[in-house]
Amino acid sequence: MTVTPLTGLTSAEAASRLARDGANLLPQQPPVPLWRRVVTQLRDPLIVVLLVATVLTITTGDWADAAVILLVIVVNTTVGVVQEIRADRAITALAQLAGPEARVVRDGRQQRIPSSDVVVGDVLILAEGDVVPADAEVTESASLLVDESALTGESVPVDKRAGERVSSGTVVVRGRGRAEVTAIGAASTSGRIASLMVKGAGLTPLQRRLAGVGRLLAGVAVLLSAVVLALGLVRGQPVELMVITAISLVVAAVPESLPAVVTLSLALGARRMATRNALVRKLPAVETLGSVTALATDKTGTLTEGRMVARHLWTPRAQATISGTGYAPGGEITADEPGAFGELLTAAVLCNDARLSPPHDEGGEWAALGDPTEAALLAAAAKLGLDRREVQTRLPRLAELPFDSERKRMSTLHRLPGGGARLICKGAPEALLHRPVLIDDADLLARAAAQADRYARNGYRVLAVASADLDAVPATLQESGLSLLGLIAILDPPRPAAATAIAECKRAGIRPILITGDHPGTAGAIATELGIIAGGDRVVDCREPAALGGAEAGVYARATPEQKLDIIQSLQAQGGVLAMTGDGVNDGPALRRADIGVAMGRRGTEVARQAADLVLADDNLDTVVAAVEEGRRVYANIRRFLVYGLSGGAAEIAVMLLGPFAGLPLPLLPAQILWINLLTHGLPGVALGGEPTVPGAMGEPPRPPGQSIIGAGLWQRVLRIAVVLTAVTLGVAVWAAATGRPWQSMAFFALGATQLGVALGSRTRPGSLANPMLLLAVAGAFVLQVAALYVPPLRQLLGTQPLNAGDLLIVTALSVLGYAAARLDRILHPSPRPQGPAVGPPVGGDVYAGRPLP
């Protein structure tokens, strides 16, 4: 069937195509059954260990301990399932990207239909503010300007003429037109991006490390408990008693509080991040931030403000610098001759179709309606005191030649108050700075061209403006015979805090990388000013053949969504942990694939927010730095708990292994082992997850991605502290047995109290009231340990005997050795400094692109 722009499809043909091709909806993965999500969570190695521990504790009849472990399993499984469900909403957000309605021509008349009913061949009616519902080829265009930044990252809207294509999800910012639909749903641009997002992410660094720890602990615990069982049977101990003892040791050796500590640490980290404008969507992202070795960031709206701003003015006799941000009229024009720019900016206001809208609420921001570049010209004129309405009323427009990509200029004709007319032309310097458009002498044109080139090399978009006063209104507009008024240099400026954030990342050993769809020159200039690269460093143009191969680069420009994924995979293949920031639809797949995706909360699209692990409520990159600090705190606290929990478990096994050789047939009863384990690994262990940040954490490079969570000297520390705990416990027991005291009860109390001393010695800021929950938890556990010796029901359950005041005081005093062991070990054996990437000095200053401002 032949489709014409005037008649469009018939309703019958549209219905037939809808039935054949399906709705204009993006592909979605089939929903994952809840049971499968639960099973996936339960397959985690550490959870498997806890399930085994649950069975063993039930076997021993310890229902209280079994209930605690089961509670931890339920909480962690629930959190994991909720995280998965929320992550899958990214595809749903993409499906809702297109506007809810579209204007099409059917049966010879315009009508509104749901975007999902748009079919291939439909004729779309496009106007300012419309979201393009499907890929289409433009058939008619009148100053049609489309913002494609959400798909391409290009900060400047694109002029669309007949024969060119518009993509689904882009926004018309100016003009009008008609277009014939060429692709819908999965075949559209947004559909291809959606298919990229279907690929799931792997395990986070924390999950990979904990999985390894879980397997290691399970193997070691079972092996050593089997040795204890065998030794007991060789000594003639009852089989039933030794089996129960071995099972109890397995439970004691596995720090079942570890998932609870991890969950609490992550939750506290997420809470702290929220107070610093970083909203966590997936709890593992909290720790992953602390592992980041590289930060890949988008440019438009992330490093930059996402708004065009005029920064420099040039006329044949003067130059000026403009301050201020956004589209607000606040700011100044600094020049030796301030009056030299009135004619230039008046012309820029007249040859202009944009409008500025003041904020609706106090503290809000000015908004642009129309082409952002033209809005920047209005803002610059307002800073000179020019009022758009007054100027346009005084010099009303009579005719115009709209901007198009072939001419690269726009011209308007205005009536002069005293009669006659003024012709104004603005556009790219290469389209104006030559004859016959301008009649200025060759020397002036050469100076203007050289200045325009200097601006362009520094990443600015340059506009030339010219005018001519005519005696009468011409019948047709002729873009010739004009005189140059000057040049205006415009850019999407860097965010004020971006340079500081990049410098902080470098100080922390995190390599910044810029990946953008924007022009290489613009991307390189912004990256140089912010310190991502040094002047002269390589900028990769992803349009060039084999651009992504070879040496590493700090800037990747003109990157498509597919290429962003390739770049991220390449960086991850080198063993790094990559964070990716972005705000557009084109960033969605990259945010999903990165180890941690960070989206802008204010300017970001819903697609980007749903695909990300972390959302920046204030859109400031320095919030990422604060989040990295929280991530490092979380990881440090998990390692702190592992030292505490594993050293205690190792000491319990060592006491059971070595006790018989010291004349102690069965140093501890199974119930006593479980009691100590419950007290020490319970509230005190969980409370360790709330320890504050270690001073100077952000001055260290990130830990190596392949490093085990018990690496970097941790397992050696565990063994050293375990030796002290074992020596104190066995020493007390041997002395008590030799002097006729209740040695088993004294060993029981000494082992528990000394472990609590280790908890106090593991604090980040000893001697302060930081993390008061740990102090309360240790105090409560100590009271319960004392109660186990004197409360009759507990004595009967645990098989303990009361100690006299002197013996209790002696054992309590000796438990201080646990505190001393933890503190001295950190002093005598400090953790080795991570070997991260080379870190450059902080950057900043009043230079642009590594050169003085022109």
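Tabulated values for the structure
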item: Residues of region 649-665 classified as under 13 Å from G731 (Cα atoms) and either not in a helix (DSSP H, G or I) or not assigned by TED's automatic domain parsing to the domain that holds T754 (or both), total; result: 2
item: Lone unmet requirement of (1) surrounded by 15 or more Cβ atoms within 10 Å (Cβ to Cβ); (2) outside any loop (DSSP other than H, G, I, E, B); (3) without any contact (Cβ under 8 Å) to a residue 40 or more places away in the chain for E365; result: (2)
item: L725 being farther than 28 Å from D807 by Cα and modelled with pLDDT of 80 or more; result: no
item: Selection count, region 359-383, where residues are closer than 30 Å to A472 by Cβ and in contact with a Leu (Cβ under 8 Å, 6 or more places away or on another chain); result: 3
item: Given (1) surrounded by 14 or more Cβ atoms within 10 Å (Cβ to Cβ); (2) in contact with a strand residue (DSSP E or B) (Cβ under 7 Å, 6 or more places away or on another chain); (3) at pLDDT below 90, index of the condition A328 fails; result: (2)
item: Residues located in region 649-678, provided they are touching a Gly at 6+ places or on another chain (Cβ under 6 Å) and at pLDDT 80 or above; result: P667, I676
item: Filter pass, A712 being crowded, with 17+ Cβ neighbours inside 10 Å, modelled with pLDDT under 90 and among the hydrophobic types (A, V, I, L, M, F, W, C); result: yes
item: Only listed residue being under 21 Å from W735 (Cα atoms) and not charged (D, E, K, R), chosen from L679, L668, L674, L646; result: L668
item: Matching residues in region 120-139 - criterion: being under 20 Å from D107 (Cβ atoms) and charged (D, E, K, R); result: D122
item: Criterion (among the charged types (D, E, K, R), within 28 Å of P493 (Cβ to Cβ) and surrounded by fewer than 17 Cβ atoms within 10 Å (Cβ to Cβ)) met by exactly one of E374, E406, E400, E430; result: E430
item: Unmet criterion (only one of (1) hydrophobic (A, V, I, L, M, F, W, C); (2) under 39 Å from the mean Cα position of the chain (by Cα); (3) surrounded by fewer than 21 Cβ atoms within 10 Å (Cβ to Cβ); (4) assigned by TED's automatic domain parsing to the domain that holds L797) for V718; result: (3)
item: Residue satisfying condition, being modelled with pLDDT of 80 or more, buried (at least 24 other Cβ atoms within 10 Å of the Cβ) and in a loop (DSSP other than H, G, I, E, B), within set A559, A534; result: A559
item: Given (1) among the polar types (S, T, N, Q); (2) more than 16 Å from I488 (Cβ to Cβ); (3) surrounded by 15 or more Cβ atoms within 10 Å (Cβ to Cβ), index of the condition T315 fails; result: (2)
item: Residue match in region 764-772 (condition: in the same structural domain as T680 (by TED's automatic domain parsing), in a helix (DSSP H, G or I) and buried (at least 22 other Cβ atoms within 10 Å of the Cβ)); result: no
item: Residue identified as crowded, with 19+ Cβ neighbours inside 10 Å, in contact with a helix residue (DSSP H, G or I) (Cβ under 9 Å, 6 or more places away or on another chain) and in a helix (DSSP H, G or I) among L730, L803, L797; result: L730
item: Number of positions in region 565-580 that are modelled with pLDDT under 85 and within 14 Å of R609 (Cα to Cα); result: 0
item: Single residue of region 419-456 satisfying the filter (in a strand (DSSP E or B) and within 17 Å of F403 (Cα to Cα)) that is farthest from the chain's Cα centre (by Cα); result: L423
item: Odd one out for V628 among (1) surrounded by fewer than 24 Cβ atoms within 10 Å (Cβ to Cβ); (2) touching a residue at least 60 places away in the same chain (Cβ under 8 Å); result: (1)
item: Residue check, A348 farther than 18 Å from V462 by Cα and in a helix (DSSP H, G or I); result: no
item: Contacts under 7 angstrom Cβ, first residue in region 462-486 being within 23 Å of F341 (Cβ to Cβ) and touching a residue at least 40 places away in the same chain (Cβ under 8 Å), partner of a type in the set (D, E) and not in a strand (DSSP E or B), 6 or more apart; result: S483/D440; L484/D440; L485/E343
item: V292 assigned to a helix (DSSP H, G or I) and within 30 Å of T78 (Cβ to Cβ); result: no
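The values are calculated or read from the model by the stated rules, or taken from the named source; none is laboratory data. Predicted, not measured: the structure shown is a model, and the values here were computed from it. Don't worry about glycine lacking a Cβ; one is built from the backbone with ideal geometry, like all the others, and counts go over all protein chains shown.
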